[in-house]
Amino acid sequence: MVPLENAQRVRALKRIARIVRSLPNFDQALGEIVNTIAEFAEVDFCALYLVDADRREIVLKAAKGVSKKNLGRKVKLGEGFLGKAVETKESFLEEVKEPSIYDLPLWQRKTSSFLILPLIVDGRVVGVLDIRSLSPKPLTQKQILSTILANEIAVLIQGAKLFNETRESLQEHQVLYEIGLLLTSARETKDVLSVILESALRVINAPAGSLALYDEKKEEFSLAVSLGFSPHFAKKSKWKLRKGGLTGQILARNSPLVISDVTQNQACDNPVMIRESIKSLMAVPLRWEGKTVGVLFVDDFMPRDFTSDEVSVFSLLANQATIAIMKAQLLDKTQRLAITDGLTGIFNYRYFQERLEEELKRAERYSHPLSLIIADIDNFKNYNDRHGHLQGNFILKKIVGTIRRATREVDIVARYGGEEFIIILPETDGADALQVAQKIRQAVEKTAFPHEETQPGKKITISLGVATYPDDTRDKKELIDKTDKAMYLSKKQGKNRVSTLKDLLRGNEKMVSNN
């Protein structure tokens with residue numbers, strides 16, 4: 001009898017070895033190993049737990065005789081027969097006489113006997129086998145011989161686990177390398193932020209996440225990009241640090257903050273998280289030379305224990321992300337300085353020329369109108385001579401703020417000359433452009449400026465000219481020229497007014513008739 005059982009044991013081990021070598025999925029391999037053990041031991045119930053030393057618990061990874069929904073169940077080390085088997089490294093064989101006294105997960109009333117086997121490699125328990133007889137007969141001698149098989153199985157499982165971890169580590173480094181290439185190719189900050197978040201969700205296998213940037217001057221965070229949430233999530237786009245809040249907890253650390261169940265953390269009580277049904281999260285501060293750049297979040301809609309490997313790769317990604325963000329922001333700043341007027345912060349003349357060229361081509365392609373406005377501050381030389389250039393610069397910046405408030409985000413406001421500004425109004429006809437110009441003029445007239453009483457009329461005012469494509473001209477140079485002439489007509493007619501090309505033509509006709 002024994003030689004036959006030895007032959008069966010050898011066949012079982014060979015089969016398990018083949019499974020380990022052939023199946024690329026570690027969890028799938030564990031399932032097949034359990035089926036092989038159950039077949040060898042001739043039982044209907046067999047469960048395999050692996051030890052998580054970091055969390056001091058064992059986790060059900062594969063089982064025969066119970067539903068797959070039970071996979072992932074945990075038992076603390078030292079608790080019950082399973083937990084004690086890890087700590088004592090001893091097997092437990094019990095014939096069930098009083099079922100109520102047994103502390104075993106997935107307990108079944110018809111269990112007649114059970115065998116708990118610690119899987120030991122180099123003196124360390126790597127897992128536990130739970131074998132049960134569900135028939136009235138207790139476990140046989142042959143089934144008890146599984147203890148001999150257990151140690152050999154332990155070696156095979158540990159080898160498979162190490163191979164799997166090595167493969168996953170290589171895959172993670174490959175992913176990080178690919179992310180690095182994507183970040184290098186992304187040209188704008190918004191593209192970089194999208195790559196970072198998409199990569200984080202892919203690496204952690206999370207359904208949702210977000211990335212917030214920190215504004216040191218305003219001392220507030222702003223949501224830069226998010227994925228996986230409802231449209232309402234982005235409405236809460238800015239927030240300041242709240243005492244005892246979640247962001248404060250994240251920034252208090254140098255490593256990722258892991259919250260496996262948000263109901264166990266009082267800082268996760270904000271309405272946005274509750275509405276979005278976030279149940280677990282991992283977040284890491286993004287820092288550069290001691291300064292906070294932002295925070296990267298990955299979220300799940302169910303409680304989740306993030307693994308130590310996930311925490312590690314998330315931390316590596318955060319370092320990579322921070323460098324990429326800083327480089328992108330520096331590039332954005334350099335490009336912005338190249339197209340921005342240093343004093344007023346609006347676009348410079350060179351950028352205006354480029355954008356007008358682009359907008360005119362677009363207007364022609366889609367048969368849309370486009371209008372230009374040129375504005376000039378009235379009697380500005382008089383103000384500068386009386387109060388100096390510092391006060392004059394203040395006036396320029398304040399008028400720019402007024403113009404910006406009176407125009408749309410799609411409108412392009414640029415500095416045209418010393419005290420002149422030019423505005424491109426895409427998809428705007430002459431009548432609408434005239435209204436915008438009047439709105440700007442009235443807003444400036446109503447604004448209080450320092451020392452305005454020294455100006456003619458005791459107010460600081462502006463004169464504006466308007467011209468429109470294609471009604472007034474289809475040529476770029478002519479459009480600028482006619483807008484400029486319309487503005488000078490406003491100057492000639494008393495200042496603090498708006499003129500159009502039609503006003504200019506009427507003025508010319510009047511001059512001809514007088515001659």
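The values are calculated or read from the model by the stated rules, or taken from the named source; none is laboratory data. Just so you know, these numbers come straight off a predicted model, no measurement behind them. Glycine also receives a Cβ, built like all others from the backbone with ideal geometry; neighbour counts cover every protein chain displayed.
Out of all the residues in segment 9-28, is one or more of a type outside the set (Gly, Ala, Ser), at pLDDT below 85 and closer than 13 Å to residue 130 by Cα? For segment 9-28, residues of a type outside the set (Gly, Ala, Ser), at pLDDT below 85 and closer than 13 Å to residue 130 by Cα: absent. Do we have residue 437 as crowded, with 20+ Cβ neighbours inside 10 Å and of a type in the set (Gly, Ala, Ser) here? In short, yes. When each of 428, 473, 483 is tested for being surrounded by 14 or more Cβ atoms within 10 Å (Cβ to Cβ), farther than 21 Å from residue 343 by Cβ, touching a Gly at 6+ places or on another chain (Cβ under 6 Å) and assigned by TED's automatic domain parsing to the domain that holds residue 366, the lone residue that passes is 483.
For segment 253-264, check the following and say yes or no: at least one residue is assigned by TED's automatic domain parsing to the domain that holds residue 226 and closer than 15 Å to residue 211 by Cα. Within segment 253-264, one or more residues are assigned by TED's automatic domain parsing to the domain that holds residue 226 and closer than 15 Å to residue 211 by Cα. Might you check whether a residue that is within 18 Å of residue 188 (Cα to Cα), under 22 Å from the mean Cα position of the chain (by Cα), in a helix (DSSP H, G or I) and touching a residue at least 40 places away in the same chain (Cβ under 8 Å) occurs anywhere in segment 333-349? So far as segment 333-349 goes, no, none of its residues is within 18 Å of residue 188 (Cα to Cα), under 22 Å from the mean Cα position of the chain (by Cα), in a helix (DSSP H, G or I) and touching a residue at least 40 places away in the same chain (Cβ under 8 Å). Figure legend. Inter-residue proximity from segment 43-56: first residues free of Cβ contacts under 8 Å to residues at least 40 places away in the same chain, second residues in a loop (DSSP other than H, G, I, E, B), beta-carbon distance below 8 Å, spacing 6+ or different chains. Indicated pairs: 56/77.
Here is the figure for segment 194-210: residues that are assigned to a strand (DSSP E or B) and basic (Lys, Arg) total 0.
Residue pairs whose Cβ atoms lie under 6 Å apart, separated by 6 or more positions or on different chains, with the first residue in segment 264-286 and more than 18 Å from residue 307 (Cα to Cα) and modelled with pLDDT of 90 or more and the second surrounded by 15 or more Cβ atoms within 10 Å (Cβ to Cβ) and among the polar types (S, T, N, Q), are 286/322.
Restricting to segment 360-376, name every residue that is farther than 25 Å from residue 396 by Cβ and buried (at least 21 other Cβ atoms within 10 Å of the Cβ). If the condition is that a residue be farther than 25 Å from residue 396 by Cβ and buried (at least 21 other Cβ atoms within 10 Å of the Cβ), then 370 is the only one that fits. Where strands (runs of 3 or more DSSP E) fall entirely within segment 397-488, those with at least 2 residues that are free of Cβ contacts under 8 Å to residues at least 60 places away in the same chain are at 420-426.
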